[in-house]
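Asker: To start, I am sharing the structure in question, which I have written as structure tokens.
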Amino acid sequence: MRLDDQRESENVEDQRGNSGRRGFGLRGGGGIGIGTIVLALVLWKGCGIDPSVVLGLSSQMSQSPQSVAQSDQPVVETPDSAQDRKLVGVVLAATEDTWQQIFAEHHANYQAPKLVLYSGSIASGCGSAEAAMGPFYCPADQKVYLDMAFFKDMRTQMGITADQQGNGTGSSNEAGDFARAYVIAHEIGHHVQNLLGLTDKIQNARQQSNEVTSNQLSVRQELQADCFAGVWANRNQQRVNFLQAGDLEEAINAATQIGDDRLQQRSRGYVVPDSFTHGTSAQRVRWFQTGFQQGKIEACDTFGHYI
């Protein structure tokens, strides 16, 4: 993914030196972040823990956030973390410019979110956050929260290696860079849902539904965020021609590995579709590709009559 000659966002809040060092919790009312699914895969591969245990725990914790102790610690920047920090800033700026353009086409103003970098744990507007649960968007304070150690997990646990091949031009040919951009774009997709008034509608509909229907709504919400990530990739490519060979395959690989069906099949040997909360691998890939191929938010109606 090409990073040269592209601005970095001023909306990155680096709280890594002020992050909590203990405590465990999740956001309330926001569902499960994309990182939770990756965590489930990591624990299954490394420890043999059933992903359903992780997903069930995260659901419970989202309703009972705990306090987080704060500690001021200096940030020790490594070459990898510096590269990731730059990628975060560039990708966030690209989402700002692209979504501002899209909203303007619909005679609306895009309100850019903040992206908070933290280490360990941190208090958010949706409760306390634990790094192990991965990136997430909090609609209460309109911020995305990210511990960049998650990127290391993607490299080591998802088959996306860190094969750095700097060419001296400022471009990034690192394997997995666009997979990381996809993760950020997915969370920004949840912010777009919030700005469009969809988040409250989804939450209200889920509260009035049985468990199966609530799960179906969650799936549709996550698939729409995947589709919005694809829309962003399409429109940003038109703006700055930032994609390189293999980039789309990286995002598709990431989406494939975190499908509900793949996680359940690996852990249980069978799948329970009614328990899905994020969508199958095929669905996640299809909706990302739909957004990328069509490049418009109208293509991302994953709800139909549900809300």
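Asker: Would you be able to say whether some residue in segment 219-236 is of a type in the set (Asp, Glu) and surrounded by fewer than 23 Cβ atoms within 10 Å (Cβ to Cβ)? Before you say what the answer is, go through the steps one by one.
Answerer: Here is the first cut: in segment 219-236, the ones of a type in the set (Asp, Glu) are 222, 226.
Add one more test, that the residue is surrounded by fewer than 23 Cβ atoms within 10 Å (Cβ to Cβ), and what stays is none.
No, segment 219-236 contains no residue that is of a type in the set (Asp, Glu) and surrounded by fewer than 23 Cβ atoms within 10 Å (Cβ to Cβ).
Asker: If you don't mind, there's one more thing I want to ask. Name the residues in segment 254-288 that are modelled with pLDDT under 85, closer than 22 Å to Phe151 by Cβ and assigned to a helix (DSSP H, G or I), would you?
Answerer: Ala254, Ala255, Thr256, Gln257, Arg262, Leu263
Asker: Scan segment 194-214 and tell me whether some residue there is in contact with a helix residue (DSSP H, G or I) (Cβ under 7 Å, 6 or more places away or on another chain) and under 29 Å from Arg155 (Cβ atoms).
Answerer: no
Asker: I'm trying to understand the selection: among the residues of segment 182-210, which are in a loop (DSSP other than H, G, I, E, B) and at pLDDT 95 or above?
Answerer: The answer is Leu196, Gly197.
Asker: Whether any residue in segment 112-121 is more than 22 Å from Ala181 (Cβ to Cβ), assigned to a loop (DSSP other than H, G, I, E, B) and either in contact with a His (Cβ under 7 Å, 6 or more places away or on another chain) or of a type in the set (A, V, I, L, M) (or both) is what I want to check.
Answerer: no
Asker: Taking the residues in segment 122-139 that are of a type in the set (A, V, I, L, M, F, W, C) and more than 17 Å from the chain's Cα centre (by Cα) as candidates, determine which candidate is nearest to Ala181 (Cα to Cα).
Answerer: My answer is Ile122.
The values are calculated or read from the model by the stated rules, or taken from the named source; none is laboratory data. Fair warning: this is a prediction, and the values are worked out from it, not measured in the lab. When we count neighbours, we look across all protein chains shown, and the Cβ atoms used for this are built from the backbone with ideal geometry, even at glycine.
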